[in-house]
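The values are calculated or read from the model by the stated rules, or taken from the named source; none is laboratory data. Computed from a predicted structure; not experimentally measured. Cβ: placed from backbone, ideal geometry, glycine included. Neighbour counts: every protein chain shown.
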Amino acid sequence: MSCPRFLSPALFAGLLLSAAAQAADPPKGAAGKGKSLLMSRAELRECMALQDRVQAKARELEKVKSELAGDKQDIARRGDELKEQLAGLDRTSQEQVDKYNAQAADRDQRIDAYQARSNAFNGEVDALNAQRDTWTRTCANRRFDEADEIAIKKEKKP
């Protein structure tokens, strides 16, 4: 390779040597840090435990969600029944009016209980979403040694 006319031969040689030295050195973080990018066994154990807790809580909340949906349908059905009873209610009979009012008060109590349970459910869903976010930030897309995973799974089995 010949030296370009606008560079002195010494400067050209210096540039060639620095380019060769840069090519020989690996980029920072590539070779020296490859091992540290792997999760430690303790980190993997924590991530696996968190994932198990998140999955268990999600299953639990699915059951509660279906129970709440059933309660909501029952409350709506009972409201429709009360509307029908009100249409045919003999308002001159104190006994029928009292019976209707007791049924309406019972439905109102069920609505209050449903609302309280629904609010608690929503709080638990928010907590679950926070746990999922934590898992995603700390565990998702992180590399780990499969031998560590196998060892951790063996530890769990009796």
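Of all residue pairs spaced 6 or more apart or on separate chains, those with beta-carbon atoms under 6 Å, a first member in the range 90-115 that is within 10 Å of I75 (Cα to Cα) and a second member that is acidic (D, E) and assigned to a helix (DSSP H, G or I) are Y114/D71. For the range 13-34, the count of residues that are surrounded by 11 or more Cβ atoms within 10 Å (Cβ to Cβ), under 28 Å from the mean Cα position of the chain (by Cα) and modelled with pLDDT under 95 is zero.
Quick grid of which residues meet (1) surrounded by 14 or more Cβ atoms within 10 Å (Cβ to Cβ); (2) assigned to a helix (DSSP H, G or I); (3) among the basic types (K, R); (4) out of contact with any helix residue (DSSP H, G or I) (no Cβ under 7 Å at 6 or more places or on another chain):
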| site | (1), (2), (3), (4) |
| --- | --- |
| T92 | no, no, no, yes |
| Q96 | yes, yes, no, yes |
| D106 | no, yes, no, yes |
| N122 | no, yes, no, yes |
| D126 | no, yes, no, yes |
| A130 | no, yes, no, yes |
| D133 | no, yes, no, yes |
| D148 | yes, yes, no, no |
| I152 | yes, yes, no, no |
